Amino acid sequence: MASRQVVMRAKYKNSVRDPGIQGVLIMMEDKISFTPDDPTSSVRVNIEVKSIKSLKFSKEGSQRALLNLILDPDIKEGGCIFEFEKFSDRDVCRDFVSRVLAKLQALQSSVKDSKTVSERPVDEQLSTAEMRHRMKLLQENIELQKLHKQFVISGVLTEAEFWATRKELLAVHASKTPKQRVGFKSAMIADVRPLTDGRSNLVTFNLTPEIIHQIFAEKPAVHKAYLSFVPRKMSEMDFWKKYCRAEYLHKTKNAVAAAAEAADDEELAVFLKHDEILASEARRKLRRVDPTLDMEADQGDDYMHLPDHGIFRDGSKETIDTEYDEYKRTLAQNLNRHAAVVLEGRALDVELGDTQTVAEALFRYKQSELATETSDENSTQERLERLSRMTEIEDLQDSHNLPFAPLCIKDPREYFDSQQANAVKALGDTEIGTKPVNCVLSTQQAYGSLKIIISEIKENGFSYPIVKPDVALKVLNGLTQHLSSTKHHLGKSPQDTVLDRLPQRTREELLHHWACIQELLKHFWSSYPITTKSLHTKVSRVKDALSEIYPKLQGIKESAQSDFRHQVSLLVQPMLQALDAAFAHYDAEMQKRPGKSAERPNGYA
Amino acid sequence: MASVPSKLYSDDVSLLVVLIDTNPFFWGGVNTTNASSSLSFSTFIAHVLSFINSILLLNQLSQVVVIATGVNSCNYIYDSSSQTVTENSENGIIPARSSQILRKLEEFVSADEQLSKDLSQARVFSLLSGSLSLALCYIQRVFRTGSLHPQPRILCLQGSPDGPEQYVAVMNAIFSAQRSMVPIDSCVIGSQHSAFLQQASYITAGVYLKPQHLDGLFQYLSTVFATDLLSRSVLELPKPAGVDFRASCFCHKKTIDMGYICSVCLSIFCKHHKKCSTCGSVFGEAHPEVTSTSDKKRKTPMA
Ligand SMILES: [Zn+2]
Ligand SMILES: [Zn+2]
């Protein structure tokens, strides 16, 4: 399919002689814009496609490759001239514009038609997005496109009427989610390893705004420390130096050294010790875990087959030593915290860069999050209820009897009668109805004779042969004849349809007519009862369109080759019947029309 | 139920549930009128028993269940999977299996008669809904024995006319057969077509047949109805021309294209009524806040 946007280098000119300004031309389906290379230039061109009246272009082989968009004189007199380096570039743009214009005109004309044809005002003002969505639907579905072209553009149905029966197609568009936001990287920041130059003892950490944001999100203690220390107690630079120092101590896994340094420096201790905020948050979350959670259900999950779980950390050496436990972080803790933050996603909408802003924004966000959470008391109650709901034993519960009114059907025979007549008629049976069987017999006689027959069989056995050969042959011949005749009518194998045997052209014509008839009949029948004038005009419009199809169907029937004529007429028959039913209804309604004022208005407009 | 080693089941192993119409009024009537085109009960039983034997001969893993459709009751009268020791028949005239079925049939007819003694007026319709339900229950039990089971299908052998008062129950049975993908084959041996069975076979993709030469019933049964489900994909079986599902209104019995439907019980009317004559629901006037139970809808035209 053709692209939805064209970007091309071009020169913008006010007149053919104007030397022009070099820039970039961007063409989209609803608008065309031109941005000059020189940012100081005051020239800005933004053209709505719908304001384009027509376009002109220079001939291939002439001096310059020009494209002139003639606009609505109310907007701009003259036009916008673009000069391209090559004719091929120009042709790409020209074709794009003409395609977009053609589509727009098709839509506009149908909207305009609907205005003139139906007398009610078309209050539907379509947004460009809506319009584009409809065009997309039409492009994707050739069947729909054919129907649209045939009925909307010819004025049988209005644009609104056409789409009113296809709301579900349009609704999908409306419910589309907004564009995806980028979350945190799933790589752990711990993977940003300190760089050493190998000669000196200098260790370099590289902190980007991105990393800082992530640190704040993953380590609430660092976040809190930043808010309280910077800039009152220390500069941002000093703060991160201390942080990096602490990180470095963690990397060396020297818990003893870490403990010693922490004893000297209380700010450093903040970074080295376990994060209290995190710990309390974890405890709070633990209290909220769904009591019905089945941990064992996850046992089969395999996280262990990757060495080091795919990250640059060595978890195996992290032994637990109670004395300096406070200064140790295990791989599992880091991993889990990181995963939690990544899954939570990025909630801040501030530009990264200024650490202070980020820190404050994150703080506000956390506050609001806390505020919206239900109080612990409520959640405890809820958990208890949930627990009792989950553990209840079905057999011991009251049946949840909902109030209902029992359906009492007075006489089910009515349903039978409603269908039976037609069903039996279809089999070509003249005997209709449920003629009761011979009731001359009394109950006793009837049962008696049946029992006598059974005991006779038991005594005398069956009469052989079970089937006489000539009867069997008759049956076989009859079945074979029946089969071959239905096969002739209904297609060879059960999977084959009659349609498959018809010539391609006839088949397509039939299918198209059937689609048209269905579309029109849908509109026809849904217009009854006629309550407004616009419905009245709609019905007559649709009826006229239907009567145009009638002779076409006859034509197909007559033009079919003799081999297929029978099948074609079988297929056309139900279509004609459906049309006849509509016409009959239309005529009957027309007869009633003079007395329509007496008719009770009803809400189905 | 005897447990057959389940791994032996293949696609062409069938579970055939045969419903036999034992309406004494139908068979008695046939017998007395003595029309040449009609079928006597003894011929019928002889043909059906031969058919059952041939089904069991076709594949020894196949299973046949016979259900008698009476006027007052229905019951299982034979199940090939629970066959007890094959003792020789009582008098050597009738094979053991047939003799067993006949004995059970006799018991069933007597029991059915017992039930009818309480009724002042004899009902002439057979309980098709009951036997269809029995068949479906049996099949459901087989479905629950595991993933491997014989392919079930139902064969209705019906002579007596449809019982209109069974409409709801029969349609429910048909739809439940459709849902469990159990085809219902119909062989109508009475003088009239059966709208029930026509619909049953149409909806469940079974075969509907009304044999012309009833004295050749066995030939019809073995040619058409012995076909297992696997073979049906490659064999040509009789097909009806189609079923006319157009409805007629409950009030005047005339075929209509558009009408009013009761949203509670689906009764069809050609004009607006204040109250549904079938279920008694009161239809509101059509203002916007109509309650859902008394809604009035236009019926979509059936093309
Ligand atoms: Zn009526
Ligand atoms: Zn009702």
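FYI, it's all coordinate maths here, none of it is from the lab. All values derive from a computational prediction rather than experimental measurement. All Cβ positions, glycine included, derive from the backbone under ideal geometry; neighbour counts span all protein chains shown.
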- Where labels lie 7 Å past Cα in the beta-carbon direction, separation of A:ASP30 and A:GLN105 in nm: 2.2 nm
- Message: Test of understanding: what is the full-extension gain from A:GLU360 to A:ASP18, defined as 0.36 nm times their sequence separation minus their Cα-Cα distance?
- Response: 117.7 nm
- Query: If you take the square roots of the eigenvalues of the alpha-carbon gyration tensor of the stretch A:6-111 and sort them as a ≥ b ≥ c, do you get rounded (a/c under 1.5), prolate (a/b over b/c) or oblate?
  - Reply: prolate
- Task: Go through A:LYS538/B:LYS275; A:LYS136/A:LYS167; A:LYS533/A:LYS592; A:LYS410/B:LYS271; A:LYS53/A:LYS538; A:LYS522/B:LYS239 and tell me which ones have a Cα-Cα distance over 21 Å in this structure.
- Result: A:LYS538/B:LYS275; A:LYS53/A:LYS538; A:LYS522/B:LYS239
- Task: Would you pull out the residues with amide H under 5 Å of A:PHE57's amide H, same chain only if 5 or more places away, H placed 1.01 Å from N?
- Result: A:ASN68
- Item | √(5λ) per eigenvalue of the Cα gyration tensor, the stretch B:175-240, largest first, Å | 20, 16, 8
- Task: Kindly provide the GluC sites (Glu not before Pro) of the stretch A:1-106 that DSSP labels as loop, not H, G, I, E or B, and whose Cβ sees at most 11 other Cβ atoms within 10 Å.
- Result: A:GLU60, A:GLU77
- May I ask you to evaluate 6.51 cos²θ - 1.76 cosθ + 1.60, the Karplus curve with θ = phi - 60°, for each residue of the stretch A:34-44 and list the ³J(HN,Hα) values in order in whole Hz, giving x for glycine and proline? 10, 10, x, 5, 7, x, 7, 5, 8, 6, 9
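Give me the dipole magnitude in Debye, nearest 20, for the stretch A:6-111 about the Cα centre, with unit charges on the beta carbon: positive for Lys and Arg, negative for Asp and Glu.
Roughly 220 debye for the stretch A:6-111.
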- Item | Amide H partners (placed H, <5 Å) of B:GLN151, local residues excluded | B:VAL13, B:SER14, B:LEU15
- Between B:VAL234 and A:ARG501, what FRET efficiency comes out of the Förster formula 1/(1 + (r/R0)^6) with R0 = 22 Å and r the beta carbon distance, rounded to 0.05? 0.70
- What's the Kirkwood radius of the stretch A:459-590 in Å, using all Cα pairs? 18.3 Å
- Query: Each residue of the stretch B:212-226 in order: what ³J(HN,Hα) in whole Hz does its phi give by Karplus 6.51 cos²θ - 1.76 cosθ + 1.60, θ = phi - 60°, with x for Gly and Pro?
  - Reply: 7, 9, 5, 6, x, 3, 4, 5, 5, 4, 6, 7, 9, 8, 7
- Query: Roughly how many Å is it from the Cα centre of the stretch A:62-101 to that of the stretch B:252-283, as a whole number?
  - Reply: 65 Å
- Task: Could you check the simple spin-label distance between A:LEU370 and A:ALA171, using points 7 Å along Cα→Cβ, in nm with one decimal?
- Result: 4.3 nm
- Query: Under the Karplus relation 6.51 cos²θ - 1.76 cosθ + 1.60, θ = phi - 60°, what is the ordered set of whole-Hz ³J(HN,Hα) values for the stretch B:190-205, x standing for Gly and Pro?
  - Reply: x, 7, 10, 5, 10, 5, 4, 5, 4, 5, 4, 5, 5, 5, 9, 6
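If R₀ is 56 angstrom, what is the calculated FRET efficiency for the pair A:ARG283 and A:LEU402, using the beta carbon separation as r and rounding to 0.05? Before the final figure, lay out the partial values.
Numbers: r = 42 Å, r/R0 = 0.75.
Once rounded, the FRET efficiency stands at 0.85.
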